[in-house]
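Reading through the structure tokens given below for one structure.
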Amino acid sequence: MVPVLELDSGAAITDTIAICRYFEELHPDPPLMGRSAEEKAVIESWLRRIEWDGIYAAQEAFRNATPGLKGRALPGPVSLEQIPALAKRGCIRLQHFFAWLDARLTDNEFVCRPHFTIADISGMVAVDFSAWAKLKPPEHLGHLQRWYKDVSTRPSAKA
Ligand SMILES: N[C@@H](CCC(=O)N[C@@H](CS)C(=O)NCC(=O)O)C(=O)O
């Protein structure tokens, strides 16, 4: 599966967050994954939650409903059939995810720290993936709308 980062040593890093961790170790400023043990653990806990409730929900909604992904309901070497009920469930999960993220952002400029972190990056990716499943955060979720506009217009988001 993609992404894969192949190093000059011959090592291959085959997971998005593991690749991010590698670059964070090489270039720790600005810190996107935390500095202290506590901060690293807190950021990672929010990141995992966003993966489970946002990214995997979007994957469930998108992959189980997209005609071009027939027989490819999950990424990877095993071919699995789509289950339409899972597409519906993914959409319901995403609605809950949007509401949860909006509530989280009511008193917080960013997802889990006073500054931008990898949790904001993954949250933005979750919202972008949701659009593939034809779902957008509802207009009335103003805190989520404000945050998404801020993070998605950062120059790095366009890179
Ligand atoms: N945990 C992996 C998941 C990677 C993943 O799901 N990659 C998808 C594209 S985003 C893929 O390779 N799909 C090919 C397939 O459907 O077999 C990561 O985040 O690096």
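Here are a few things to note about the model shown:
- Across the chain, the longest run free of exposed loop sites, meaning trypsin sites (Lys or Arg not before Pro) lying outside DSSP classes H, G, I, E and B with no more than 14 other Cβ atoms within 10 Å, spans 71-133.
- Protein-only accessible surface order, largest first, of ILE50, ILE55 at 1.4 Å: ILE55, ILE50
- Heavy atoms of LEU105 accessible to a 1.4 Å probe, total area in Å² rounded to 10: 0 Å²
- Its Cα gyration tensor gives the range 18-89 an equivalent ellipsoid; the semi-axes, largest first and in whole Å, are 34, 14, 8.
- Cα pair count fraction exceeding 16 Å, expressed as % - the range 61-136: 57 percent
- Cross-link partners for LYS136 among the aspartates and glutamates, with Cα-Cα distance under 14 Å and sequence neighbours closer than 8 places in the same chain left out: ASP102, ASP128.
- Residue-normalised accessible area of the chain, given per residue in Å² at a 1.4 Å probe: 61 Å²
- In the range 63-159, GluC sites (Glu not before Pro) in a DSSP loop with at most 12 other beta-carbon atoms within 10 Å: GLU81, GLU139
- Measuring only protein heavy atoms, the 1.4 Å probe finds ASP128 accessible over about 60 Å².
- Heavy atoms of TRP132 accessible to a 1.4 Å probe, total area in Å² rounded to 10: 150 Å²
- The alpha-carbon positions of the chain define a convex hull whose volume is 132 Å³ per residue.
The values are calculated or read from the model by the stated rules, or taken from the named source; none is laboratory data. Treat the numbers as computed from the prediction; the structure is a model and nothing was measured. Cβ coordinates were reconstructed from backbone atoms using ideal geometry, including for glycine residues, and neighbour counts include every protein chain displayed. With ligands, DNA and RNA removed, areas are computed over all heavy atoms of the protein, side chains included. Shrake-Rupley method; radii C 1.70, N 1.55, O 1.52, S 1.80 Å.
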